[in-house]
Amino acid sequence: MTTLPRPATSLTADDARRIALRAQGFLGAPDRRAGVRGVLRHLGAVQLDTISVLARSHELVPYARLGAVGLRTVESAYWKAPSLGAPSGQPHAFEYWSHAACILPVEEWPHFAFRRRAYRDRPHWNHELPDGTYDQVVKQLRAEGPLTATELGGAKKTDDWWDWSGTKVAVERALMYGEVVCVERRGWKRVYDLAERAIPDTLLHDELSDTECVRRLVRLAGEALGVGTRADIADYHRLRGEQVEAVIADSGLVPVEVEGWGRPAWADPAALATPPRGRHRTTLLSPFDSLVWERARTERIFGFAHRLEAYVPKQKRVHGYFAMPVLAGGRLVGRVDPAREGQTLVAKQVTLDGPKAVPAIAQALIEAATWVNCADVRVERVEAAELREPLVRELARALA
């Protein structure tokens, strides 16, 4: 049995909550000069998802921290080369498997060598790879430059989403091996290029050992979370518990005790150095935002049980298809299931944590509507029916 180190300090539950909020970019003034790239660098991973209601999740993440940043600005910040220090054509980020399919800072390419090696050693795959297809895909990318799977020869054999063509199987296999990189999304299709062209020469290597890679990702996860249990830290980049256990003692994180958590925790020492103070952000959150993407942690820190219901049968949904938690005053005060109808943002279903949450929900809805170029907000169902009229009045007052 592993002997746990003595905690360096004890934190109250509120201390831990504020540390987590600051670490995730929701407490204190945002670094607007660093912009979207700064958000990506700070978080270490931004999850991608196909669902688009107000916007796609990777666009909602910087919006939640920075406010009304343009969607074109977001895409350009992720995928276009930085103005300084990178050769023309090399992106600021790459897409790979982290917490899920994520946009990752290009500087972290060497630290996913352990995962690329694991994929290369993988004995079984869900899709068979036709002979010669892998080499043909690499040859075509080398000759023609960045291409989608369709441009490479077709993504699917049939209309079924899972029925990949041999070309798609090959290029995805090359992506996991690290010979190919997704350098942008075009109409939600991955655009593939050779890693030798897309990744700067200084980063294009698999020289780090598995231990070095995992240690780095554990440290990054601890910094992005501020404070977390081993399970929280492992979940951030989807590491195994034993991988975290093997390196956490020399990761640079420090052991702490958090009131009410009932399990060992680790913190970024920089997060402990100064009290977390500043202005709280009020915003709608993507269900895939790293502040809330791990349900057990969200419930432990915020007392807020949340489940994405997009994949739940409609008749079994409680809060709606894409219910978005609402953050205000450093707490989760409700949720909104949004939609867009022309220039109207529709709050199809709203849940509020009591009357005091009404102004915050209204503010979050109006800011989101402005961001997606909606001129009006319409409220349909409010879970506590008596709060519907106060919310409608608050929206009307703010929009007047």
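The values are calculated or read from the model by the stated rules, or taken from the named source; none is laboratory data. For clarity, every value in this text was computed on a predicted model and none was experimentally measured. So basically every Cβ, Gly included, is an ideal-geometry build from the backbone, and we count neighbours across all protein chains shown. Ligands, DNA and RNA are stripped out before the accessible areas are found, and what is left, the full protein with its side chains, is counted by its heavy atoms. Shrake-Rupley method; radii C 1.70, N 1.55, O 1.52, S 1.80 Å.
Exactly one of (1) touching a helix residue (DSSP H, G or I) at 6+ places or on another chain (Cβ under 9 Å); (2) among the basic types (K, R); (3) over 19 Å from S286 (Cβ atoms) is unmet by R331. Its number?
(3)
On the basis of being over 30 Å from D289 (Cβ atoms) and either out of contact with any Leu (no Cβ under 8 Å at 6 or more places or on another chain) or not acidic (D, E) (or both), does L175 make the cut?
In short, no.
Would you say P355 is touching a residue at least 12 places away in the same chain (Cβ under 8 Å), on the phi < 0 side of the Ramachandran plot and surrounded by 17 or more Cβ atoms within 10 Å (Cβ to Cβ)?
Taking the combined requirement at face value, the residue does not satisfy it.
Specify which of the listed residues (V191, V214) is more than 16 Å from R117 (Cβ to Cβ) and among the aliphatic types (A, V, I, L, M).
V191
Look through the range 307-349, keep the residues that are hydroxyl-bearing (S, T, Y) and either in a loop (DSSP other than H, G, I, E, B) or open to solvent by 40 Å² or more (accessible area, probe 1.4 Å) (or both), and return whichever of them is nearest to I366 (Cα to Cα).
Only one residue tops the list, namely Y321.
Filter the range 36-85 down to residues that are assigned to a loop (DSSP other than H, G, I, E, B) and either free of Cβ contacts under 8 Å to residues at least 60 places away in the same chain or hydrophobic (A, V, I, L, M, F, W, C) (or both), then give me how many there are.
Adding up the residues that qualify gives 15.
Hey, among P146, P105, which residue is of a type outside the set (K, R) and closer than 25 Å to E207 by Cα?
On the way: P146 fails: closer than 25 Å to E207 by Cα.
Unique residue meeting the criteria: P105.
Within the range 123-168, track down each residue that is hydroxyl-bearing (S, T, Y), assigned to a loop (DSSP other than H, G, I, E, B) and in contact (Cβ under 8 Å) with a residue 40 or more places away in the chain.
Narrowing the range 123-168 to residues hydroxyl-bearing (S, T, Y): 133-134, 148, 150, 158, 165, 167.
After this cut, where a residue has to be assigned to a loop (DSSP other than H, G, I, E, B) as well, the list is 148, 158, 165.
Result: T148, single match.
Scan the range 187-202 for residues that are touching a Phe, Trp or Tyr at 6+ places or on another chain (Cβ under 9 Å) and over 11 Å from L141 (Cα atoms) and report the count.
Selection size over the range 187-202: 3.
When you go through R41, R56 one by one, which is the residue that is under 19 Å from L104 (Cβ atoms), in contact with a strand residue (DSSP E or B) (Cβ under 7 Å, 6 or more places away or on another chain) and of a type in the set (D, E, K, R)?
R41
Out of curiosity, is L220 farther than 26 Å from A20 by Cα and at pLDDT 95 or above? First the steps, then the outcome.
Details: farther than 26 Å from A20 by Cα: no; at pLDDT 95 or above: yes.
In short, no.
For A16, indicate whether it is in a helix (DSSP H, G or I), farther than 27 Å from F94 by Cα, open to solvent by less than 20 Å² (accessible area, probe 1.4 Å) and of a type outside the set (D, E, K, R).
yes
Going through V171, V181 one at a time, which residue ends up being within 16 Å of A101 (Cβ to Cβ) and in a strand (DSSP E or B)?
Testing whether each residue is within 16 Å of A101 (Cβ to Cβ) and in a strand (DSSP E or B) leaves just V181.
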